[in-house]
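First the structure, in the form of structure tokens, and then the observations on it.
The values are calculated or read from the model by the stated rules, or taken from the named source; none is laboratory data. Remember, it's a predicted structure, so these values are computed and weren't measured experimentally. Ideal geometry is used to build each Cβ from the backbone, glycine not excepted, and the neighbour counts take in all protein chains shown. Ligands, DNA and RNA are excluded from the accessible area calculation, which covers all protein heavy atoms including side chains. Shrake-Rupley method; radii C 1.70, N 1.55, O 1.52, S 1.80 Å.
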Amino acid sequence: MILQALTRHYEGLLALGAISRPGWGIAKVSYGLELSDTGEVLSLLSLLQTQTRGKKNVVLAREMIVPMPVKRSSGVSPNFLCDNSGYLLGADGKGKPKRTRECFDACKKLHLNLLGTAQSPAARAVVAFFEKWDPSCAADHPALTERWEELMKGVNLIFWYGDAPVSEDPEVRTLWQTHYDRKADGTAMRCLVTGERTVPQKVHPAVKGVQGAQSSGAALVSFNAPSFCSYGHDFAPIGSYAAFAYTTALNHLLADRDHVRCIGDTTVVCWAEGGQSAYQDAGFAALYGGADSIADRDLWSALDQLSQGNAIDWNETRLDPGTRFYVLGLAPNAARLSVRFFWQNSFGMLARNVMRHYQDLEIERPSYDNRELLPLWELLRETVNKKARSPVPAEQMTGEVLLAVLSGGSYPATLIHGVTMRIRAEREITRGRAAIIKAFYSRTQNTKLPKEVLEVKLNDDTTYPPYVMGRLFSALEGLQQSANPTINTTIKDRYFNAAAATPALVFPTLINLAQKHLKKLEKGQKVYYDKQITELLGLIHETYPARLSLPDQGAFQLGYYHQTQKRFTKKEEK
């Protein structure tokens, strides 16, 4: 399904003129090797560009459309017209002169075979260059000496004639296209992607741009070891067109950094049928929060309209809720890529599931928190130590959480475990952690937690013991702070985890402490706290449980959070 969807995306981009046709790819080129009519090297043209990355200006190679580069492993495989100095000049800094000579000879053979009968001046210049170039004299050539050390590092060069690269010459392009489209040797098979009978392509182009993967590219489809083969097949029955199409589409998505997001080790890309980028903008805004120019209310209104099947305008583009939409998460795995998740459905279904996700997360927020919606990245940060040197969420969890949001299914158990561990370590229940507890148990089946404790605000009517005990703990904490305003270590620091796990061992001690705290208060405060604690104790119609399960601890934590928000709200009103 993934390869078929990417191939269709390639065809949509091709129809829009936003991508190259089969046989051509994008390469990062540093210099142009300018040739004369007789094949002499006239100069080395710099194609480097200065770009702003953050607060710094960096010098980068120019991305150019060139004849499709080959995928190299350990053999000698020359590229046409664009390659490194080892292939084009017969010299490099690897310290293996014999192999370097083999690379140059293979490159020379390729160009003479393809351009030997060409008549255009650009093609004749390349032929003349290979006929007379002596690799042993390359280091002494006056046009190359100034940049020689940089050339030896493996940067890409491209043949240049006149005021344009040779790859733009019409006759050269025709010769290359004919060479590329020529049927490969082998037995024709049914392509799994297109359904046509074609000779399979054993080695697929590399995919570049996945965070943590090799910079030279990694493989999404790979059979480079016996353990990956099955029933004697050492390749996938995928034709050259499909291999080119899906890798080109994926590289195009990954190269557009404005529409790529990373969560943990997972690189996420999305696209819509037809290739309209406005769907990507709206999809990422829904999942990761709107940009500064998009208010949470406007984003919510857009999601509401789409979920009801109504089209909306976004960035001067009409978004149709029926348009097919795809979200793909990739993670690095040595020289290959692993698929963390793949989701496909209508854009309206995406809006509906994201809206449900935000509704499940909805919970009363502190007055200083102005965010109406909790973006996904902020949610996952609640499972890590924010003071750590590299606070990165668990790798597997990130993909599972995002898939749960997209599909509307249950959140992974790793999410609630991560939040529980942070609460135990920090004894702090933030808005995000309380929202995760509420959302997780709202979607979890076969849990004994009543829905009445999974509310947005405080529920005064429920008598569910764990929830009431959480409220009681918050009230006792407020009493202690009123009685001892300058205290450094509160009952939350000492007893919160124990109270949530083994209330029968802790609450008798807390109630005794409360009597001592009440004696320190003035009459009005004393009556207020005494009445509040008495009412909460009256809601507990049984003895304190000896031990609370993990869901009941969640109810305890929600009760504590709700009561604490009410406590602070009262102070602000006063």
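Listed values, structure above:
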read-out	value
Share of Cα-Cα pairs in the chain lying beyond 31 Å, as whole percent	62
The stretch 426-481 versus the stretch 99-148: alpha-carbon centroid distance in Å	74
Chain lengthening between Arg324 and Asp163 when straightened (0.36 nm per residue, less Cα-Cα)	53.6 nm
Sequence-separation-based contact order of the chain, relative, with Cα cut under 8 Å and 6+ spacing, percent	10
Percent carbon-and-sulfur accessible area, the chain, ignoring ligands, DNA and RNA, probe 1.4 Å	49
Where labels lie 7 Å past Cα in the beta-carbon direction, separation of Ser216 and Thr414 in nm	3.0
Residue-span extension gain [Arg72 to Met1] - 0.36 nm each, minus C-alpha spacing	22.8 nm
Potential lengthening between Lys457 and Ser36 on full extension [0.36 nm per residue; Cα-Cα distance subtracted]	143.7 nm
Where the stretch 464-518 is the region considered: accessible area per residue in Å², 1.4 Å probe	37
Value of [θ]222 nm, deg cm²/dmol, for the chain, DSSP H segments ≥ 4, -39500 (n - 2.57) each, nearest 500	-14000 deg cm²/dmol
Where a label projected 7 Å from the Cα of Thr502 along Cα→Cβ would reach, residues of the stretch 545-563 with amide N under 19 Å	545-554, 556-557
Spin-label model distance (nm) - Glu428 vs Leu60, 7 Å beyond Cα toward Cβ	3.6
Å³ per residue enclosed by the Cα convex hull of the stretch 427-490	107
Cα→Cβ-extended label distance, 7 Å offset, between Asp493 and Glu131, nm	8.7
Exposed chymotrypsin sites (Phe, Trp or Tyr not before Pro) absent - longest run of the chain, DSSP non-H/G/I/E/B, at most 12 other C-beta within 10 Å	1-230
Cα-based Rg of the stretch 333-398 normalised by 2.2 N^0.38 Å, two decimals	1.46
Å² per residue, accessible surface of the stretch 1-144 at 1.4 Å	50
Exceeding the 27 Å Cα-Cα cut-off - candidates Lys519/Lys566; Lys386/Lys516; Lys457/Lys516; Lys55/Lys208	Lys386/Lys516; Lys457/Lys516
Selection of trypsin sites (Lys or Arg not before Pro), the stretch 137-175, meeting DSSP coil and at most 12 other Cβ within 10 Å	Lys153
